[in-house]
Each structure stands twice: as structure tokens, then as C-alpha cells.
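First comes the structure, then the notes that go with it.
The values are calculated or read from the model by the stated rules, or taken from the named source; none is laboratory data. Predicted model only: the values in this text are computed from it and were never measured. We place every Cβ from the backbone using ideal geometry, glycine too, and count neighbours over all the protein chains shown.
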Amino acid sequence: MEKVFVYSSDLVPGMKIAETILNDYGAIVVSEGTVLDDNLIGKLKNLGIYRLQIFDREFIKVETKDVFQKKYNENVKKVKELIWDISIGNGFNSAKVNEVVDSVLEKADERSDIVNCLNQIRSADEYTYSHSVNVSLISLLIGRWMKLNDEKLRLLVQAGLLHDIGKTKVPFDILNKPGKLTDEEFEEMKKHTVYGYRILESVPLIDRDVLAAVLMHHEREDGSGYPTGLTGEKIHLITKIVSVADIFDAMTSNRVYKGKETPFDVFKYMEEDSIGKLSPVVVNVLLNNMANYYIGDKVRLNGGETGEIVYINPRSVSKPIIKVGNRYIDMMVEKDVKIQEIIS
């Protein structure tokens, strides 16, 4: 396959890069074979790349970030309509679910766009709807990184999309309470897994793995989860993936009772606090792949300084190396430094 050099100023979305690009710290910014999008092109230009190689015959026109965002918003709207229909007793709309699932699967190769979309600020009022779409997208990413087949990927997207469908049966004042739930309210909230299972169990052609994920996505490896306290070997792989995706999106989203955290806060939680609770295989797949998408991103630190993530430490992805001006901050060494916000 022919390789040609192009100037960075001539790069457009859809070009497939024919070499691996490293930053000054030796971290991979773009791997050979990656289809470029607007975000990656911006990172390459920020690195001062003068020219690079692309596969000449592999150029394909791909959708811009704005088009991806438009389709994402359409999917959130469809989920909102689906949830509203169930809430008012109109039943479950399988056709609408399949439309969203198909739309998400079409984006399977646009991984950078997916990560960018997940990082955007979302209204707490829309959390219930955007969360369903996000969990389906994150589950898809994890499934692709785990090299699951197309059939499993489709089930993953369906499970991610429907995992919280039972919340349509939880009282509104509990679901949207801005403060901490009482013990009684939390017990009612926990019932959403069983409510969701009951909504779907009579729906034709719903796969048992999807039903299991809806029912068991709050189960934990050590048996500390709900509704039945299952342990690791009894929890299906698709459920384990949806559980990790659910936590990642929940922690990085604005909710009515809690502000969003940075992806690196979530990475820290998964490296340290999730041990024994979440599948280590699934967690490691997420950590070893997701974190690399933030190389080249600008961040604001707790001291007010801004810098650029230049290296992800494979031993602790939650503690990257950040370039601030002409110096480098290794968060493995400077333990008081914290990423407050990703700003690009």
C-alpha cells in the first residue's frame, strides 16, 4: 500500500496515518493506521509536526466532530422518548432501541470522537438520558479493545443502553433528589435493577445476556453488590463490562447531587478503590486504552497552572507526566499535584 508525505497544514479528517507519531517524551500520540479526526489533527499541529506519511489510497471522507455530536444528541433524544413512553405506560419501543443501537455501532471505529464526546459538559437534568447513551458507547469501546465479536458487541451496546431502564419506575423525587438519599430511599433506588429486568423479560428477542446486565450491573466481584450479592464467577462478562462503563460515566458526569470528576480521578478509583469489586480484566483494558487518548490534552492543575499531558505512566495511568511551561511534573513523584480539569 502506497505511502505519501503530506504537510500537516493539509491534513483533513479521514486520512489514515502511515507512521506512528511520538511526542518529545516518547509517548505515542497517534498510532500507524489511525484514521485522523479534527481532534487528532489539532494535537499533531500542536506538536509542531511539519509533515508526515499517510496511506494515499486509504483516504476516506469521514464525518466531522459536529456531525458526530449531532447524531449523539439525536440518540439522547430517542432515549428520552423511550423512557417517557415507559413512564406513562405506553410500553417498550423495540424499534427505537434498535435505531439507537445501530447508530452507536456505526461509530465503532471513531474512538477518538467517542472519547471527546464523553468529556463534554452535560446538564445534570439530562443525565438519565445521556448516561444511557454514554454507557453504551463506553461498553462498545471496551468490547472492541477486548476483541469481542460483532454479536457480543451488539449485545454490549443494547445492555449499556438499557441498563438503567428500571429507573423509570423509581419515584421522581428520589431519582432527582439533590442531597443524600435516606436509607429507605436508597433501598427503593436499588430496586431499579429488578424493575428493569421485569420491564424487559417479556420483550421478544431480548437476549439473556442483556437481561442479566440490566439485573446485575450493580453486583460486585466480592459479593458486596445488589440485588442478590453474586460473586465474580457468577457474573457474566457483558455485565462486568457494563458495570465498569456505568461507573466511568457516572463519575465523570454532572449529577443532581454531585459534580463531575476528571477521568484521572476515575482512573485512580479504578486502580485503587475498585480492587476486589470490579473485574480486574475489564478495568485493566479500560485503563490501558482509554488513558492514552488524553495524551496531548491541556489540563488545569490544582495550583492554577495549565499544562499538557505528555506521558501516561503504564504502572499508574492516573498519575501522568504533565509539561508546564519548560518543566515537567511527574505526578508519581509530586503527589500533591492534582488535575482539576481537562480544558481541551
* Name the single residue, out of those in region 237-256 being crowded, with 18+ Cβ neighbours inside 10 Å and outside any helix (DSSP H, G or I), that is farthest from the chain's Cα centre (by Cα). => SER253
* To do: Among the residues of region 262-306, write down those that are assigned to a loop (DSSP other than H, G, I, E, B), within 26 Å of LEU40 (Cβ to Cβ) and modelled with pLDDT of 90 or more.
  => THR262, GLU305
* Asked: Got a number for residues in region 145-183 being without any contact (Cβ under 8 Å) to a residue 24 or more places away in the chain and among the charged types (D, E, K, R)?
  -> 5
* To do: Within region 7-54, track down each residue that is at pLDDT 80 or above, more than 29 Å from ARG327 (Cα to Cα) and crowded, with 17+ Cβ neighbours inside 10 Å.
  => LEU11, PRO13, MET15, LYS16, ILE17, ALA18, THR34, VAL35, LEU36, ILE54
* To do: Inspect region 56-71 for any residue being modelled with pLDDT of 70 or more, surrounded by 14 or more Cβ atoms within 10 Å (Cβ to Cβ), more than 30 Å from ARG198 (Cα to Cα) and in contact with a strand residue (DSSP E or B) (Cβ under 6 Å, 6 or more places away or on another chain) and give the result as yes or no.
  => yes
* Which one is farthest from ASN134 (Cα to Cα) among residues in region 257-275 that are crowded, with 17+ Cβ neighbours inside 10 Å and basic (Lys, Arg)? -> LYS268
* **Condition met for LYS277 (touching a Gly at 6+ places or on another chain (Cβ under 9 Å), of a type outside the set (Asp, Glu) and closer than 20 Å to LYS240 by Cβ)** => yes
* Looking at ASP249, is it under 29 Å from THR128 (Cα atoms), among the charged types (D, E, K, R) and touching a residue at least 24 places away in the same chain (Cβ under 8 Å)? -> yes
* Mind counting the residues in region 1-54 that are in contact with a Pro (Cβ under 8 Å, 6 or more places away or on another chain), more than 16 Å from ASP297 (Cβ to Cβ) and of a type in the set (D, E, K, R)? => 0
* Asked: Of all residues in region 82-97, which are part of a loop (DSSP other than H, G, I, E, B) and either under 22 Å from ASP207 (Cα atoms) or not small (Gly, Ala, Ser) (or both)?
  -> ILE88, ASN90, GLY91, PHE92, ASN93
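The rows are residues; the columns are (1) surrounded by fewer than 16 Cβ atoms within 10 Å (Cβ to Cβ); (2) under 30 Å from ARG154 (Cβ atoms).
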| residue | (1), (2) |
| --- | --- |
| GLU233 | yes, yes |
| ASN292 | no, yes |
| GLU305 | yes, no |
| PRO320 | no, no |
| ILE329 | no, no |
* Structure fact -> So the helices (runs of 4 or more DSSP H) completely within region 179-228 holding 3 or more residues that are more than 24 Å from the chain's Cα centre (by Cα) are 183-190, 192-200
